[in-house]
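Structure first, then comments.
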Amino acid sequence: MRLIRSALAVLVLASAACSPAGEDAPKPVRSTGKAAVGGPFRLVDQTGAVRDESLLKGRWTAMFFGFTYCPDVCPTTLQTLAEVKEQLGPQGKDLQIVLVSVDPERDTPEALKAYLANDAFPDGVVGLTGAPAQVAQALKAYRVYAKKTGEGPDYLVDHSTAIYLIDPKGEFDRPIISTRAPEEIAADIRKAMRDA
Ligand code: NI
């Protein structure tokens with residue numbers, strides 16, 4: 001069991017991308033179970049409303065971490081999740097999608113709002129950002145790796161790419177590899193919902 005849990009933690013932590021420079025994966029952190037991922041946060045959504053961890057209660061949530069300037073992984077993940085929602089049918093309508101910014105400097109609520117309006121992305125995505133310290137606290141709670149790379153206004157942020165599946169109690173259920181096919185991700189989520 002301990003091995004499985006450690007493997008889970010490594011999976012969550014090791015998938016970093018979104019920067020051509022590519023940073024080394026962070027050191028694996030020994031996890032003591034599901035409770036080790038997640039925790040309180042206080043951020044603002046794309047309308048400027050304050051949101052905390054209660055956002056994650058009452059329905060299944062696919063949460064991931066990224067930024068609006070991300071050239072590849074984040075927009076692809078959002079398009080994938082749009083397909084996943086369709087594949088899930090009625091269960092998909094209930095699946096909440098949350099994008100937490102790893103780039104609070106540029107990702108203002110307004111920037112998130114404009115970004116998430118893209119027709120290729122799912123409807124109703126909740127974009128979260130906030131003061132850098134608040135964002136850093138949320139990233140730490142979810143053991144997310146994020147590191148600025150490059151100089152000047154066109155910097156990138158190397159970041160974890162896993163999708164975190166959160167159960168209706170607001171607790172971390174399992175990580176999902178964001179680059180898998182939508183039908184595989186939908187199958188994973190269906191299984192999680194069935195097993196819960
Ligand atoms: Ni990204």
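No lab work stands behind these numbers, since they all come straight from the coordinates. For clarity, every value in this text was computed on a predicted model and none was experimentally measured.
Overall dimensions of region 49-183, expressed as equivalent-ellipsoid semi-axes from the Cα gyration tensor (√(5λ), whole Å, largest first), are 23, 17, 14.
In a Debye calculation with equal point scatterers on the alpha-carbon sites of region 141-181 and no solvent, what is log10 I(q)/I(0) at q = 0.15 Å⁻¹? Values, matching the q order: -0.52.
Quick one: compute the contact order of region 94-196, relative version, from alpha carbon pairs under 8 angstrom and 6+ residues apart, as a percent.
Values: 100 pairs, mean separation 18.7, N = 103.
Rounded, it is 18 percent for region 94-196.
Computed on the Cα trace of region 37-81, the radius of gyration divided by the Kirkwood hydrodynamic radius gives Rg/Rh = 1.00.
For the residue pairs 113/191; 93/140; 93/169; 113/148; 57/93, alpha carbon separations beyond 20 Å are given by 113/191; 93/140; 113/148.
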